[in-house]
1. Count the net charge of all other residues whose Cβ sits under 10 Å from the Cβ of Ala426, scoring Lys and Arg as +1 and Asp and Glu as -1.
2. Would the stretch 328-372 count as rounded, prolate or oblate if I go by the C-alpha gyration tensor, calling it rounded below 1.5 in a/c and otherwise prolate when a/b exceeds b/c, oblate otherwise?
3. Classify the stretch 224-433 from the C-alpha gyration tensor, please: rounded if a/c falls under 1.5, else prolate or oblate depending on whether a/b exceeds b/c.
4. What is the local net charge at Arg227, summed over the other residues whose Cβ is closer than 12 Å to its Cβ (Lys, Arg +1; Asp, Glu -1)?
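Computed from the coordinates by the stated procedures, all read-outs in this text should not be read as laboratory data. Remember, predicted model here, so these are calculated numbers, not experimental data. For neighbour counting, all protein chains shown are included, and Cβ atoms are generated from backbone atoms with ideal geometry for every residue, glycine included.
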Amino acid sequence: MIQRTHAFLIGIVVLFMASLLAFLSGWMLASSSNGLVPNRFVTVPNSSAPLGTQPPPVSASDQFGVYWDVWRLVEREFYYTEPLDQQGMVYGSIRGMLGALDDQYTIFQEPEDASRSRESLQGKFEGIGVYMRVENGAVLVDRPIRGSPAMQAGLLSGDVIEQVDGQRVADLIVGLSEAEAMQAVARQIRGPKGSTVRLTLTRPSEQRTFEVDIQRDEVPLISVNARMLENQIAYIQLSEFKATTAGELDEALRELLPQQPTAVVLDLRNNPGGLLTTAQEVLGRFYTGTALYEQLRGGELKEFRTISGASDVRVPPVPLVVLINGRSASAAEIVAGALRDQRPQTMLLGETSFGKGSVQNIHQLRDGSSVRITIAEWLTPAKQVIHEIGITPEHIVAESQDAEHRVPCVQEGATAEQECYDAQLAWSLRLIISGAAPPPPEPTPVG
């Protein structure tokens, strides 16, 4: 049964939650696995030797002997009516091995999930480009991605997706969890560029059901949302750290900087992380110097510096407020911590961040699957440990949408005249404009 309501991205994307969001979101505990990965993909060389014929390490030979004893016993004695799923057994064995490490970020991905993860980190995918949500057992359009085939086809927020290529969505998702349901619908909707999918939609606002044919295309995953607010304050929101994020940021800054901003609000709330190299590139737009340290398992520290590359775009030395919350993780924490440690006139506001302070390497395996292995823990430039601790801002403000916290709407697609309610953004603007700091949080009662 589908019980919760959530927004998701679909296309090939349908970036789908569970497998993908679970694998990219450092803040989704238990079912999640990553958040910060170096921008390097390590491929294990192919071998002509079949599985099981390559000799195991000498130190592990006895243990592998027991493993193969069990494998042979299962093949010889297990009662079954269908052929054994040997690939499933191998994948299950790998998951069990990694699970024994007791590290939620060291994980295995089957080929399909691994492919989606790679596409997400690259910042684009092939599909129709729409965010979806599940409500009361139905799949609804949350909103189409700007410029996507879904937007061009006229899909609107609240449209109910009844059928995909003639197959009833209700039949696809019955009895499934939310994650499983979203994957099932995603598989039907996604497809290669140039192909067409037919959706049957119900639009409650017009009380009508209709069909629409949508041609799939390459859809960029926009990760930067920027605009100029009151008092010449530049607002920049980073939703994730993808391979395309630094280029998007440069484009946004080229529009904002000629307007001579007096201050900047950098919104990293709900940002689950992404590529380490991208975090270094983003920091390179704000200052030059140490971005972070990696502490390897031997205890040695490795310095990583900001990256400017060929970009000549730089944020001027104006006041900077960085917004974070409990869903700001990994690369988002790297950027927040580094700006606090290294850049003058930087203030952090919001709530304590998630506390994802480990780094993973991605190894692509011969069958298209992949394994992510934790290789280090990272520290801020001031050598502060944040793993399982997080970063606490100097100005603590809880999330609130009370009417007293009226601000310009900053959501993508909002007009300049629209107003929203956001306590954290409101206090960041007050802090910049008048120097008014938020009141300290109420003490937690004890006893």
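1. Numbers: positive: Arg406, Arg430; negative: Asp402, Glu404, Asp422.
Value of the local net charge: -1.
2. Working: a/c = 4.90, a/b = 2.87, b/c = 1.71.
In terms of gyration-tensor shape, prolate.
3. Working: a/c = 1.70, a/b = 1.57, b/c = 1.08.
Prolate, because a/c is 1.5 or more and a/b exceeds b/c.
4. Values: positive: none; negative: Glu230, Glu255, Asp267, Glu412.
Around Arg227, the charge tally is -4.
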